[in-house]
Amino acid sequence: MRQKIIAGNWKLNPSSSKEAKELTIQIKEKIDSKELKKVVVIVSPPAIYLTQIKELTENSKIKTGAQNCYFEEKGAFTGELSVAMLKDTGIEYVILGHSERRTIFGETDEMVNKKTHAALKKGLIPIVCVGETLKERESGSTDAVVISQLQKSLKDISSNGKNLIIAYEPVWAIGTGETCSSEEANRVCGLIREELGRILGLSVAVETHILYGGSVKPSTITEQMKQSQIDGALIGGASLVADDFVEIIEKTLAVVES
Ligand code: PGA
């Protein structure tokens, strides 16, 4: 049975460990007293804060993830972090193939695939991101782009539905304030699930969590979480404002309970 996953992606924020700590404490204080039932909460701070945030969230309801990893285990790869290093901090998740990594840092589906293999091998749960650009949407190639990214990113992967998360993030909706309509996001997430069925088998597809990401806000979350194919949200901007992030969690909980 799938749960709802609310995952914050802090990107290159905040600017100091003090602020990262404050944000975490604000979220923690508000959600730890709640019965979260089937809502899983994840925060993904910049890697340099992971050890600190992991310690702060020990025995709390907040789980932690990284925003990237490298696929090699060790060696001459200046500036990179291996899955083992990330695992060593105690975190459980890693976001892979985010559109900012793809467009700004030149990450390809093949690299995302290698990183997904590496994460699964060492027991980090990858949150694999896929999504079309505005140009691709306008030219009618959304479905083909998303399916191709999924097929390539998951090439030769074997996983059960609990060890893998997919995030559908239309690039044009990320950080723009423009959200994809809930119905359309649900349709694409359904398409992703169908494709997962072909790649990993039907029982895995049914169990795999598929998140929506792109300008998710407290005002949009309820409709999004009511959709049958959307199992949570990957949230950038609103995850940096403790009150907004907590409101998103509360509204998700209300949908789960209704
Ligand atoms: P946003 O970012 O919520 O600020 O649009 C989402 C993401 O990049 O994962």
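The values are calculated or read from the model by the stated rules, or taken from the named source; none is laboratory data. Computed from a predicted model, the values in this text were never measured in an experiment. Positions of Cβ are backbone-derived with ideal geometry, glycine not excepted, and every protein chain shown enters the neighbour counts. Just the protein is used for accessible areas: all its heavy atoms, side chains included, with ligands, DNA and RNA removed. Shrake-Rupley method; radii C 1.70, N 1.55, O 1.52, S 1.80 Å.
Within the range 42-73, report the GluC sites (Glu not before Pro) that DSSP leaves as loop and that have at most 11 other Cβ atoms within 10 Å. Please report the intermediate quantities before stating the final value.
On the way: sites: Glu55, Glu58, Glu72, Glu73; in loops: Glu58, Glu72, Glu73.
Loop-located and lightly packed - Glu58.
Using only Cα atoms, what is the ratio of the radius of gyration of the range 24-84 to 2.2 N^0.38 Å? Intermediate results must be reported in sequence, preceding the final value.
Details: Rg = 14.4 Å, N = 61, 2.2 N^0.38 = 10.5 Å.
Rg over 2.2 N^0.38 Å, computed on Cα atoms: 1.37.
Show me the ranking of peptides 191-203, 78-90 by mean Cβ neighbours inside 10 Å, starting with the highest.
On the way: 191-203: 16.8, 78-90: 15.1.
Sorting 191-203, 78-90 by mean packing, highest first, produces 191-203, 78-90.
What percentage of the solvent-accessible surface of the range 1-100, computed with a 1.4 Å probe over protein heavy atoms, is contributed by carbon and sulfur atoms? List each step's numbers first, then the result.
Working: 2470 of 5010 Å².
Ligands and nucleic acids excluded, carbon and sulfur give 49 percent.
Which semi-axis lengths, in whole Å and largest first, follow from the square roots of five times the eigenvalues of the Cα gyration tensor of the range 191-257? Write out the running numbers ahead of the final one.
Numbers: eigenvalues 135, 30, 15 Å².
The equivalent ellipsoid of the range 191-257 has semi-axes of 26, 12, 9 Å.
Just to be sure I understand: if I project the alpha-carbon convex hull of the range 64-111 onto a plane and average over all orientations, what area do I get in nm²?
Details: hull surface 14.4 nm².
Spelled out: convex hull of the Cα atoms, projected over all directions, averaged, 3.6 nm².
Which value, in Å² and to the nearest 10, is the accessible area of Phe71 when all protein chains are kept and the probe is 1.4 Å?
The accessible area comes out at roughly 40 Å².
Please state the equivalent ellipsoid semi-axes for the range 59-144: what are the square roots of 5 times the Cα gyration tensor eigenvalues, largest first, in whole Å?
Values: eigenvalues 139, 53, 22 Å².
Over the Cα atoms of the range 59-144, the ellipsoid semi-axes are 26, 16, 10 Å.
Considering only Cα-Cα distances, which of the following residue pairs are longer than 27 Å: Lys34/Lys122; Lys30/Lys115; Lys4/Lys122; Lys61/Lys152; Lys28/Lys115; Lys11/Lys251? Could the numbers behind the result be given before it?
Working: Lys34/Lys122 32 Å; Lys30/Lys115 34 Å; Lys4/Lys122 24 Å; Lys61/Lys152 34 Å; Lys28/Lys115 30 Å; Lys11/Lys251 23 Å.
From Lys34/Lys122; Lys30/Lys115; Lys4/Lys122; Lys61/Lys152; Lys28/Lys115; Lys11/Lys251, over 27 Å: Lys34/Lys122; Lys30/Lys115; Lys61/Lys152; Lys28/Lys115.
So, in nm, how far is label Ser148 from label Ile25 when the simple model puts each one 7 Å beyond its Cα toward the Cβ?
About 4.9 nm separates the two model spin labels.
Across all directions of projection, what mean area in square nanometres is found for the Cα convex hull of the range 4-127?
Details: hull surface 31.6 nm².
The directionally averaged projection comes out at 7.9 nm².
Kyte-Doolittle mean at least -1.0 and Cα extent at least 18 Å along the axis: which DSSP H helices of the chain qualify?
Details: long enough: 17-31 (21 Å, -0.80); 109-122 (20 Å, -1.18); 182-200 (26 Å, -0.19); 242-257 (22 Å, 0.61).
Answer set is 17-31, 182-200, 242-257.
With a Förster radius of 22 Å, plug the Cβ-Cβ distance of Ser141 and Arg187 into 1/(1 + (r/R0)^6) and report the FRET value to the nearest 0.05.
Numbers: r = 15 Å, r/R0 = 0.68.
Computed FRET efficiency for Ser141 and Arg187 comes out at 0.90.
Compute the accessible area per residue over the range 17-116, keeping the other protein chains in place, probe 1.4 Å, unit Å². List each step's numbers first, then the result.
Working: 5080 Å² over 100 residues.
Result: 51 Å² of accessible area for each residue.
Would you rank Tyr168, Tyr49 by solvent-accessible area, highest first, keeping every protein chain in place and using a 1.4 Å probe? Let's see the in-between values first.
Details: Tyr168 0, Tyr49 25 Å².
Sorted by accessible area, descending: Tyr49, Tyr168.
Tell me, what ³J(HN,Hα) does each residue in the range 43-48 have, in order and in whole Hz, if you take phi through Karplus 6.51 cos²θ - 1.76 cosθ + 1.60 with θ = phi - 60° and put x for Gly and Pro?
10, 10, x, x, 4, 5
Placing +1 on the Cβ of each Lys and Arg and -1 on the Cβ of each Asp and Glu in the chain, which of Ile199, Leu120, Ala242 has its Cα farthest towards the positive end of the resulting dipole?
Toward the positive end, the furthest listed residue is Leu120.
Using the scaling law 2.2 N^0.38 Å as the reference, what is the normalised Cα Rg of the range 113-170? Don't jump to the answer; show the numbers that get you there.
Working: Rg = 12.6 Å, N = 58, 2.2 N^0.38 = 10.3 Å.
Output field value: 1.22.
Label-point separation (nm) for Gln52 and Leu202, each offset 7 Å from Cα along Cα-to-Cβ?
Distance between the two pseudo-spin positions: 5.0 nm.
Take the alpha carbon atoms of the chain, find their radius of gyration, then divide it by 2.2 N^0.38 Å using N residues; give the quotient. It would help to have the intermediate numbers written out before the result.
Numbers: Rg = 16.9 Å, N = 258, 2.2 N^0.38 = 18.1 Å.
In units of the 2.2 N^0.38 Å rule of thumb, it is 0.93.
Give the residues of the range 108-123 whose amide nitrogen is closer than 12 Å to a point set 7 Å from the Cα of Asp156 in the direction of its Cβ.
From the range 108-123, the list is 113-115, 117-118.
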